[in-house]
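To start, the structure itself, in C-alpha cells.
Every number here is computed from the coordinates shown, using simple stated rules; none is lab data. Because the structure is a prediction, the values reported are computed rather than measured. Methodologically, a virtual Cβ is constructed for each residue, glycine included, from the backbone with ideal geometry; neighbour enumeration extends over all protein chains shown.
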Amino acid sequence: MMKKILMMCCFVLGISAVSFAQGRMQRSPEEQAKNLQTQLKLDDAQTAKVTAIYQVQAKQMDSVRTAANGDRQAMMQAMRPMREATTAKVKALLTTEQAAAYDKMMAEMRNRMGGGQGGNGGGTPPSQK
C-alpha cells in the first residue's frame, strides 16, 4: 500500500516537472517580445517588429516539429539555422547598446541551458568579448 502511494507521488511530481519545463519553453511570440522590451528597453516600433519576427519563427518551428515526427535530433538540426536567422534579424533592429545587452542575455541563457552547446556537444564555445 505504501509503495503504491509513493509511486503515485513520484509519478505526479514527474508529470508536473515535465509540464512546467515545457510550459516555460513554449512562450508565445508576444511574450518573448515583451520580455525583450522589458530587458532591453525597446520602443514600441522595435517591439512590434520583434513580435513579427518571432511569429514567423514560431510558424516555421511548428512545421519542423511536425515534419520531424518525434526525431529530436533532426528537429534540433533543422531549428538551429532558424534560431540563428531570428537572432540576426532581431539584432539588426537594436541599437549598439541594446545589441550588446542582447548578446549578454543570450550567452547567459546558453550557459543555463548547458554550456552554450544546446545539449548536443561538440564544436568550440563562443568567444567571450
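Using the beta-carbon distance between Ala88 and Asn35 and R0 = 25 Å, what value does 1/(1 + (r/R0)^6) give for FRET efficiency, to the nearest 0.05? Efficiency computed from Cβ-Cβ geometry: 0.85.
Measuring r between the beta carbons of Ala100 and Gln77 and using R0 = 41 Å, the FRET efficiency lands at 0.90. Each label was represented as a point 7 Å from its Cα along the Cα-to-Cβ direction; for Ala58 and Ala107 these points are 3.0 nm apart.
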